[in-house]
1. Using θ = phi - 60° and the Karplus relation 6.51 cos²θ - 1.76 cosθ + 1.60, list the HN-Hα couplings for segment 338-346 in order, rounded to whole Hz, with x at every Gly or Pro.
2. Please enumerate, by chain and number, the lysines with C-alpha under 19 Å from the C-alpha of Lys153, excluding those fewer than 8 residues away in the same chain.
3. What is the percent carbon and sulfur in the accessible area of the chain, measuring with a 1.4 Å probe over the protein chains and ignoring ligands?
4. Using the structure shown, list the pairs from Lys336/Lys359; Lys352/Lys381; Lys256/Lys283; Lys283/Lys553; Lys358/Lys388; Lys181/Lys359 with a Cα-Cα distance above 19 Å, or answer none.
5. Over what distance in Å are the Cα centres of segment 586-610 and segment 254-288 separated?
6. With the cut-off at 1.5 for a/c, could you classify segment 6-220 from its C-alpha gyration tensor as rounded, prolate or oblate?
7. Which cross-chain or sequence-distant (5 or more) residues have an amide H under 5 Å from the amide H of Gly186, H modelled 1.01 Å from N in plane?
8. With just the Cα atoms defining each centre, how far is segment 433-489 from segment 303-378? Give it in Å.
Amino acid sequence: TDLHPLDILSEVLPAGRLARGMRVFQVQGVHGFQIAASPPRALGFPASQLFIHCDRFPEEFSIIVTLRVLSVPAKRNEYIFTLMAEESPSVLVGLRYAPDKLHFLFWTQEHTGGWQTRVTFPNVSLSDNQWHTLVLAVSGQSFSLTVDCSVPKDVVVETPFPASLSVKRASFYLGNRRRRKGAFTGLLRQLVLLPGADATPQICNAVNFKAATLSVPTVLQDLPAKPASNEVLKYPYETDTKVTLGSRPPCTKQEKAQFWFNASRRGLYLCNGSAWISMLEVKERLDYVEEYQNLVTNSETMGVEVFTIPKVGLFAATANRHTPPGSAIYKWTEGKFVPYQNIPTYQAQSWKYFTIGKKIFLAVANFEQNERGQEFSVIYKWSRRKEKFITYQRITTHSARDWEAFVIEGEAFLAVVNHREGNNHNIDSVIYRWNPRTGLFETNQTIPTSGAYDWEFFTIGPYSFLAVANTFNGTSTRIYSHIYIWLSGSFQLFQSILTFGAADWEVFRIGDRVFLAVANSHSYDSGMPAPSNFYAINSSIYELNITAQMFVKFQDVLTYSALDWEFFSMGDDSFLVVANSFDGFTFSVNSIIYRWQGYEGFVAAHHLPTVGCRDWEAFHTAEGSYLLYSSAKEPLSKVLKLKTT
């Protein structure tokens, strides 16, 4: 085998010219190709161009990639390259990137009967708009990934890379797998196959290892600032740049790589094809909070969910106590929430918005039976034709308090909190799994809970967790709430934490630190002397201790029948707002915004008058940042605007 580097990127350039749709950009002094606008087949070439003397893929090799990744949406995979047989949709060899993961794919006939093997490298974070160089070394069952010459990530799998992988009638495709879905949206500078060797020592001798090169196309090596004499640039780059002023313009594939200057925020943003990415921005600081909108609701509101439907708008769904008139959905129109749709509910407690592929859902947790004595909660599906939510699936629940939607290993789940059945608070809550064949949620696992109020799903590295807020076991609110970890296809107990009428868990991150806050609502135990105040108790913030592999208490905060925590950020500052609902005497209680002060922890910064506050939601629009709180004691919720300096 010829051990010279095989430059895949250069092979895509027919006769040294850019393929249709390819553009050259210079970022941070380094040139790279943008290929997202190119037709997939325009970025392909026969493997025989690369493997001139042999029609077999090397058994041992390295792949070297230098790239700059824009932020990749959750659940999206982007292909860096593929090798595919012309008559088959299967990927013979491929490399793709997902948020925080890198997948190497290969096809083997000998060991798995013709199945694709995927080697996953977790905790690979590239979506920081910086250049990175990856070296993937493959030898038999061993796969090693080095990112920017850091410590290699080694993976050993059961299926070795095939010793004889035929590339007859196969083609390489740059940044795609022969179709637009999953196309690479960032910049590529280097894509090299080095047969028979680990390229890490060669790459990691470079001074700037993030942009280290083994072989780079000529067009990317030296671009003159201006043409000599009267000749024109052979490879135009950084052209067609447009800066839009005024209110937020749309960001679609047509506006990709265009800039928007937001004069009010003094920020410069780049469109990545779906969202505006901050390139330069004066950091905001929260100055004060002002009342912005009194939102009249159908009745008292137990919970609120703010969500955005792409290309439709921003919405808020209120979970209202009384039936009729049920609950309502409001749409943000000309800077205010206005009524949009009413939905029959039965003492609704909360809403959960989620998506599965292109399907958009909204699930309500009903606490009471309907007129026929049936007790179920309902999943609604967004109808693009009607532009309304319509009934999709009914699920039997027991005084449901909350839904939580999440994805694990590509599968969608929906968990319901069952609060009680009759007078029995010690019942099962249920986790449902989406069945793509039937298009329905089906029972996957039950977990014993005690008068539970809330589920909170979160991930840490490759691990998935689900925390339940247990509130009352029939005799006491002084009970353990539990954190479960996903292992071997189900949730298993990870840690138990003593709580006092826990009503909510809120997970959040500050830098590399992971926190979990519990809202304790009241302290009651039928076997203990009554405290002076059931409701003035500490809620607690826990921090993940990596060494101990558990959450440890970080800070206690005095709260008054706390029912919700909401974390939000402004500029470089982080905040927690608590929903204080009752102090033992009145429902007119201040809810408080706490500012993160580093070593001091969270310090009270703003005291907000609220009435029976039940839920907080933070949201942002082009006009600014807001908080929305729901009142469980009056048919009036409030939108507050966060004023900044």
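1. The phi angles translate into 10, x, 10, 7, 9, 10, x, 9, 10 Hz.
2. Counting by Cα, and skipping residues close in sequence, Lys153 has these lysines nearby: Lys101, Lys210.
3. Details: 14510 of 29100 Å².
Exposed carbon and sulfur together represent 50 percent of the surface.
4. Numbers: Lys336/Lys359 27 Å; Lys352/Lys381 12 Å; Lys256/Lys283 24 Å; Lys283/Lys553 31 Å; Lys358/Lys388 15 Å; Lys181/Lys359 17 Å.
From the list (Lys336/Lys359; Lys352/Lys381; Lys256/Lys283; Lys283/Lys553; Lys358/Lys388; Lys181/Lys359), the Cα-Cα distance tops 19 Å for Lys336/Lys359; Lys256/Lys283; Lys283/Lys553.
5. Cα centres, segment 586-610 to segment 254-288: 29 Å.
6. Working: a/c = 1.37, a/b = 1.14, b/c = 1.20.
In terms of gyration-tensor shape, rounded.
7. Leu70
8. What the calculation gives is 22 Å, centre to centre.
The values are calculated or read from the model by the stated rules, or taken from the named source; none is laboratory data. All of these numbers come straight from a predicted model, not from anything done at the bench. Ideal geometry is used to build each Cβ from the backbone, glycine not excepted, and the neighbour counts take in all protein chains shown. All accessible areas refer to the heavy atoms of the entire protein, side chains included, with ligands and DNA or RNA removed. Shrake-Rupley method; radii C 1.70, N 1.55, O 1.52, S 1.80 Å.
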